[in-house]
Amino acid sequence: MSVETIEFENGIPVKAFIRGGYQHPYHWHAALEILLVLKGSVNLGVGDHKLTLRQNDIAIVNMEEVHRIDSNQKDAENNKILFIQVDSAFYRNLLPEESYTFLYCCSPYHEAVLPRKYKAVKEYIARLLRAIAEKPEKDYKSNIEKILSSMLFYISYNFDFLRWGFGTTPFNEKIVKRLRQIAMHVMSNDEIKLKLKELADEAGISLQHLSYDIKNKFGLTFQELLNYGKCEYAARLLLGTDKRIIDIALECGFSDVKYFVKSFKQHFIFNPSKFRKIYRAENKKPRADYREYPLSHALKKRS
C-alpha cells in the first residue's frame, strides 16, 4: 500500500517537522502538505511534473495527491526540508464550500511572477512555526488554529487553480463556483459539454469563447483538467489495489479503456500497467534513512 496515515496529536490540526536526506516513493495522504526547502535541494514528483525545489522554494501537495520525494546523493547529504501537514478535516470544516479546490503553489513556476503571494505564505509559515514552538499554555491550541486558519484562507483564494490557472488574473467568481460544481458532479464528456454550455449561456458568451478562455488559462481543455483528477485517482488504485485495468478505468469514469490509457499516459508518462509495475516495485524497496532536525532550525532560518 502507498497510502500514508498521518496522525495529529492533542487535537492540534497541524504538524511541522524538518528532515534531511528524505526519500519517499509515490504515495498519498489525506493531509494537505507544504514543503519549504531550508537548505540544499529536493526533487518533487507530481504526475508527470518533476520539480527541483531549491533553497527557499516552496510547494504545496494537495490532499490525496499522488507524489514522490527524492534527492540526488550529493543533495541528500546536506539538504533540510521543512514539512507542514494540515489535517484534512480541519481544512474542510474551515472551507466547506471549497470541496473541489486544487491548489497550485510552486516556486519554480510562479514565484518570479508572483513574489508577493509567496512572500505572504512564507510569512504565515514563520508565524505558524513560532506558535507551534511556543511552550504550551492556555491559548496554545487556539493561537495555532487562528494562524493556520488565516493561512489557509489566504492560500485557498490566491492559489486556487480553477480561479487563477497559470496566470495572474482570476476568473469571475461565478465562473469559478460553477466550474467547481461541474468538476464535482459530472463524469462523461457529454455532461461536461452540456454544463459548460449552460455556464456560457449564464455568462452571456458563446461556448466557443468560454472553451477558449479555459484552454488559454489552464493550457488544457476542461475535459482534460477533469481527466487529470480521474487519472490521479486511478494511480492510487494502481498502487494500492490489485484491480484489473479495465475495472479501474470504469471506476474512474472512463467507459473506453483505450481513452483511459491515453489520458493516463498524458498525465503520468507511462501507461497504467507499466506505471503499476515500476512504482509498486519501488515501494517494496527499503526506504532510505533520513535525518531529523529540531524545528528551531526553521525558526532561525525564517528570522
*³J(HN,Hα) computed for each position of the stretch 161-172 - Karplus, 6.51 cos²θ - 1.76 cosθ + 1.60, integer Hz, glycine/proline x*: 4, 5, 8, 9, x, 9, x, 10, 10, x, 5, 3
*If you take the charge dipole of the stretch 1-62 about its Cα centre, with +1 on Lys and Arg Cβ and -1 on Asp and Glu Cβ, which of Thr5, Ala30, Leu44 is farthest toward its positive end?*
Leu44
_Top positive-direction residue, dipole computed over the chain with Cβ charges, set Ile278, Ile60, Asn72_ = Asn72
_Hypothetical label at Val176: residues of the stretch 97-124 whose amide nitrogen lies under 12 Å (7 Å Cα-Cβ projection)_ = 98, 101-104
*How high is the relative contact order of the stretch 165-243, in percent, with contacts defined as C-alpha pairs under 8 Å that are six or more residues apart?*
25
*Could you size up the charge dipole of the stretch 154-303 around its Cα centre, putting +1 on the beta carbon of Lys and Arg and -1 on that of Asp and Glu, and report it in debye to the nearest 20?*
760
*So what is the relative contact order of the stretch 1-136, in percent, for Cα pairs below 8 Å that sit 6 or more residues apart?*
28
*When only C-alpha pairs under 8 Å and at least 6 residues apart count, what is the relative contact order of the chain, in percent?*
22
*Rounded, prolate or oblate: which fits the stretch 118-198 when a ≥ b ≥ c are the square roots of the eigenvalues of the alpha-carbon gyration tensor, with rounded for a/c under 1.5 and prolate only if a/b beats b/c?*
prolate
_Sorted by Cβ neighbour density within 10 Å, fewest at the top, the residues Ser2, Ser206_ = Ser206, Ser2
_Test item: Cα-centred dipole of the chain, Lys/Arg +1 and Asp/Glu -1 on Cβ, debye_ = 800
*Asp190/Tyr140 FRET efficiency (R0 35 Å; Cβ-Cβ; nearest 0.05)*: 0.10
_Reach of Lys122 by Cα under 24 Å, taken over lysines that are not fewer than 8 positions away in the same chain_ = Lys15, Lys39, Lys50, Lys80, Lys135, Lys141, Lys146, Lys300, Lys301
*Would you work out the charge dipole size for the stretch 194-267 about its Cα centre, treating the Cβ of every Lys and Arg as +1 and the Cβ of every Asp and Glu as -1, and quote it to the nearest 20 debye?*
300
*Given H placed 1.01 Å from N in the peptide plane, which residues other than close sequence neighbours of Leu103 have an amide H under 5 Å from its amide H?*
Phe161
*State the answer as a single residue: which of Gly240, Ser211, Cys252 lies farthest towards the positive end of the charge dipole of the stretch 173-284, with beta carbon charges of +1 for Lys and Arg and -1 for Asp and Glu, about the Cα centre.*
Gly240
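Every read-out reported here was derived from the displayed coordinates using simple, explicitly stated rules and does not represent laboratory data. Being a predicted model, the structure only gives us computed values, none of them experimental. A quick note on method: Cβ atoms are made from the backbone with ideal geometry, for glycine too, and the neighbour counts reach across all protein chains shown.
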